[in-house]
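First up is the structure itself, then whatever we jot down about it.
The values are calculated or read from the model by the stated rules, or taken from the named source; none is laboratory data. What you see is a predicted model, and the numbers here were worked out from it, not measured in a lab. In this analysis, Cβ positions are derived from the backbone assuming ideal geometry, glycine residues included, and neighbour counts consider all displayed protein chains.
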Amino acid sequence: MPQRAEEAFCRLMERYCQPVTQFVHQMVGSREDTQEVVQDIFVTAHGRIRQFAGRSQFKTWLFSIARNTSFDQIRKICAARQRDRKIGGELARCSLIEGPIAGPETGGWAARPGLRGEFWRYLIQLRERERTILMLRFDEELSLTEIAGVLEIGLSATKMRLARALRSFEEVYRSDRF
């Protein structure tokens, strides 16, 4: 994109960033998801700017991208919650953790040495990458954003890696139990 076009796009982004962010936050709810979706919206708009034909206002075009991207994120969140409930249920049944993060303050596995040993027995069977993300989440009790920073990857990649690591953990646990 030529310099002037790039500057014009930056001005549009500055003008619409706050209203788009407010709109997205109302749609998806969480601050983390909002930030991720807003970034995706402006990356998409930048990539598709040549497709903007001027048949509508720029704001309308941008908000249609925002709406579609927000709906995509909502679908991902719902699917992740369903997976998390399933995985969380399995992990809770095996008494290794209690709730989404079960650290010492909640009386979870980290507070109970016997369960910690059982957790480790399954954890060491996973690949290093899977062990690392599970340890950051459940042992260090880091948020997904903090984990993304530690691993130097995006939030989406962090969520995906955590979901995969939990599935692997579940497989190792089930293969040992059944």
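May I ask you to list the residues in the stretch 115-138 that are modelled with pLDDT of 80 or more and assigned to a loop (DSSP other than H, G, I, E, B)?
Gln125, Leu126, Arg127
Which ones in the stretch 145-154 are without any contact (Cβ under 8 Å) to a residue 12 or more places away in the chain, assigned to a helix (DSSP H, G or I) and of a type outside the set (Gly, Ala, Ser)?
Scanning the stretch 145-154 gives a single hit, Glu146.
Given the condition of a type in the set (Gly, Ala, Ser) and under 13 Å from Phe58 (Cα atoms), answer yes or no: does some residue in the stretch 22-36 qualify?
no
Of all residues in the stretch 155-174 being closer than 16 Å to Ala80 by Cβ and without any contact (Cβ under 8 Å) to a residue 12 or more places away in the chain, which is surrounded by the most Cβ atoms within 10 Å (Cβ to Cβ)?
So the residue we want is Met160.
For Ile65, state whether it is in a helix (DSSP H, G or I), under 23 Å from Arg137 (Cα atoms) and modelled with pLDDT of 65 or more.
Taking the combined requirement at face value, the residue does not satisfy it.
Which of the following residues is surrounded by fewer than 16 Cβ atoms within 10 Å (Cβ to Cβ) and at pLDDT below 60: Arg177, Arg93, Arg112?
Of the residues listed, the single one that is surrounded by fewer than 16 Cβ atoms within 10 Å (Cβ to Cβ) and at pLDDT below 60 is Arg93.
In the stretch 29-53, which residue that is over 17 Å from Arg15 (Cα atoms) and either hydroxyl-bearing (Ser, Thr, Tyr) or outside any helix (DSSP H, G or I) (or both) is modelled with the lowest pLDDT?
Here the answer is Gly29.
Within the stretch 23-62, work out how many residues are over 27 Å from Ala157 (Cβ atoms) and surrounded by 11 or more Cβ atoms within 10 Å (Cβ to Cβ). Let's see the steps before the verdict.
We begin by selecting, within the stretch 23-62, every residue over 27 Å from Ala157 (Cβ atoms); these are 50-61.
Among the residues that remain, those that are also surrounded by 11 or more Cβ atoms within 10 Å (Cβ to Cβ) are: 52, 56, 58-59, 61.
Looking only at that region, the number is 5.
Suppose we keep only residues that are farther than 22 Å from Ile77 by Cα and of a type in the set (D, E, K, R) within the stretch 123-151. Which one would you say is surrounded by the fewest Cβ atoms within 10 Å (Cβ to Cβ)?
Ranking the candidates gives Glu128 first.
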